[in-house]
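The next block holds one structure in the form of structure tokens; read it before the comments.
The values are calculated or read from the model by the stated rules, or taken from the named source; none is laboratory data. Everything quoted here is computed from the prediction, not taken from an experiment. Ideal geometry is used to build each Cβ from the backbone, glycine not excepted, and the neighbour counts take in all protein chains shown. In case anyone asks, the SASA skips ligands and DNA or RNA and just uses the protein heavy atoms, side chains included. Shrake-Rupley method; radii C 1.70, N 1.55, O 1.52, S 1.80 Å.
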Amino acid sequence: IALINLWMLDGKTEDAAALLVNAEKGPLPLLDANPALGSEGTTALRANQVALQIYIGQLANQTDASALDRVKSTMEKLRSIAGDDEEGQKKLAAAFYKLARDLQQQLEAAPDPAARERLASGIAVVLTQLRDATKDPATRFWVGQTLSGIAKAVKGNSPSSSGAVQKLADDAIKTLDSLRTDAGVTPEMATKVRFVSAQAYQVKGQYDEALK
């Protein structure tokens, strides 16, 4: 798992993907063959976390729908591994947070607009799962802010918003709207929520909503 992480940091996505599923050394086949390895600790969680990062990284170079399907199925597997108790949800939220930060850096480095859109779609899956896995207002605000920022970055100087950009902005607005009635939100955060919501509406071209 550590070597796969190093290869991902070095941009060797395909090498990392090959090792991930290697029949003799790959963490996923080893876990499938030896379930006891993942029954304790965070081994299974970490293995599927790095798998998710690889699958989202591959979105930049693939146009088939199966790439995003693998992202979604791995997300569900992560949720199953973490469990529904409070401790499991904390581990899951921490894993999603780290992954989202890493993927955002990967997105910023992608030069091709189409690749950026595919990466953004994968990141949005992670971010919305993070939003749903935590009750912490600060984390949920970060999710909304990040979704809005990615939507703006992917749109760039284009006069119109693509479907992917519109969805990112919609997810940002939905996340931020959920904070408006949260008793844990401070007045200062409430002001930030309104500001970032306005930015998301601007990305969508809905300037009247942005001014409200």
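When the stretch 150-160 is filtered for residues that are touching a residue at least 24 places away in the same chain (Cβ under 8 Å) and either open to solvent by 50 Å² or more (accessible area, probe 1.4 Å) or over 12 Å from the mean Cα position of the chain (by Cα) (or both), the ones remaining, listed by number, are 151, 152, 153, 154, 155, 156, 160. Within the stretch 5-27, the set of residues being touching a helix residue (DSSP H, G or I) at 6+ places or on another chain (Cβ under 8 Å) and under 15 Å from residue 103 (Cα atoms) comprises 5, 7, 8, 13.
Restricting the search to the stretch 167-192, which residues are in contact with a helix residue (DSSP H, G or I) (Cβ under 6 Å, 6 or more places away or on another chain) and of a type in the set (S, T, N, Q)? Passing the criteria: only 175.
Each row is one residue, and each column tells you yes or no for (1) open to solvent by 30 Å² or more (accessible area, probe 1.4 Å); (2) touching a Ser or Thr at 6+ places or on another chain (Cβ under 9 Å).
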{"position": "19", "(1), (2)": "yes, no"}
{"position": "37", "(1), (2)": "yes, yes"}
{"position": "61", "(1), (2)": "yes, yes"}
{"position": "70", "(1), (2)": "yes, no"}
{"position": "73", "(1), (2)": "yes, no"}
{"position": "78", "(1), (2)": "no, no"}
{"position": "92", "(1), (2)": "no, yes"}
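So, in the stretch 94-134, exactly how many residues are of a type in the set (Gly, Ala, Ser), under 17 Å from residue 168 (Cβ atoms) and open to solvent by less than 40 Å² (accessible area, probe 1.4 Å)?
Of the residues in the stretch 94-134, 6 are of a type in the set (Gly, Ala, Ser), under 17 Å from residue 168 (Cβ atoms) and open to solvent by less than 40 Å² (accessible area, probe 1.4 Å).
Restricting the stretch 171-192 to residues that are open to solvent by 70 Å² or more (accessible area, probe 1.4 Å) and in a helix (DSSP H, G or I) leaves a set whose member that is nearest to residue 89 (Cα to Cα) is 174.
Here residue 97 meets the list (1) more than 17 Å from residue 20 (Cβ to Cβ); (2) among the hydroxyl-bearing types (Ser, Thr, Tyr); (3) over 10 Å from the mean Cα position of the chain (by Cα) almost entirely, failing just condition (3).
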